[in-house]
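Peer 1: Sending over a structure as structure tokens; questions will come in a sec.
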Amino acid sequence: MLPIPLLLFATWLAYAGWIVMNFGKIRMKWVHRSRSQALRTGILSLISSAVIAFVGVYAIAQSGSSRLATPTTLQWIELDLLGLVFVHLQAYGMIVLMGLALVSPRPVGFSDSLIGEPTKADTASESSHV
């Protein structure tokens with residue numbers, strides 16, 4: 001039988017994989033919102049996940065007499081749920097922030113073609129220098 005921490009970790013990884021599979025659906029919710037709102041939400045999601053994780057583990061450690069030396073079944077369930085919340089907020093925040101990068105305005109002269117291929121702006125500036 002696998003140890004409980006390994007099972008918890010596998011649960012968190014499976015949930016993160018499911019979120020990544022739904023990346024497009026989550027990102028589409030943010031396409032029509034303002035960049036500042038998406039930026040605030042993404043950063044707040046990342047920061048709040050860390051705060052919730054630290055406070056949650058501290059609260060679980062303080063509950064009961066075991067102090068996580070030998071966690072009870074209830075404490076393992078609490079840690080699993082806490083980990084799922086952490087993974088959800090981390091993944092959601094990253095998806096929102098990555099969505100900003102995918103729809104950000106492109107600089108003048110930026111080419112979607114292969115790297116190294118000159119753009120119209122590049123060729124115009126080269127011809128003026130000659």
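Peer 1: Rounded to whole Hz and in sequence order, give me ³J(HN,Hα) for the range 45-58 from the Karplus expression 6.51 cos²θ - 1.76 cosθ + 1.60, θ = phi - 60°, writing x for Gly and Pro.
Peer 2: 5, 5, 5, 5, 5, 5, 4, 4, 5, 5, 5, x, 5, 4
Peer 1: Something else now. Arranged by the count of other C-beta atoms within 10 angstrom, fewest first, what order do 76, 18 take? Could the numbers behind the result be given before it?
Peer 2: Values: 76 16, 18 10.
If I rank by nearby Cβ atoms, fewest first, I get 18, 76.
Peer 1: Right, next: Return 98, 21 ranked ascending by Cβ neighbour count within 10 Å, so the fewest neighbours appear first. Each step should come with its number before you reach the end.
Peer 2: Working: 98 13, 21 9.
Going from sparsest to densest Cβ surroundings: 21, 98.
Peer 1: Further question on the same structure: Would you please put 35-44, 83-92 in order of how densely packed they are, using the mean number of other Cβ atoms within 10 angstrom per residue and starting with the highest?
Peer 2: Details: 35-44: 13.8, 83-92: 17.9.
Averaged packing, sorted descending, gives the order 83-92, 35-44.
Peer 1: Further question: So what are the ³J(HN,Hα) numbers for the range 81-93, from phi and the Karplus equation (6.51, -1.76, 1.60; θ = phi - 60°), rounded to whole Hz, Gly and Pro as x?
Peer 2: Values, residue by residue: 5, 4, x, 5, 5, 4, 4, 4, 5, 5, 5, 5, x Hz.
Peer 1: Please work out how much length the chain gains when fully extended from residue 54 to residue 36, using 0.36 nm per residue of separation minus the C-alpha to C-alpha distance, in nm with one decimal. If you can, show how the numbers build up before the last one.
Peer 2: Values: separation 18, 0.36 × 18 = 6.48 nm, distance 2.73 nm.
This chain segment gains 3.8 nm when fully extended.
Values quoted throughout were computed directly from the atomic coordinates according to the rules given, and no laboratory measurement underlies them. Remember, predicted model here, so these are calculated numbers, not experimental data. Positions of Cβ are backbone-derived with ideal geometry, glycine not excepted, and every protein chain shown enters the neighbour counts.
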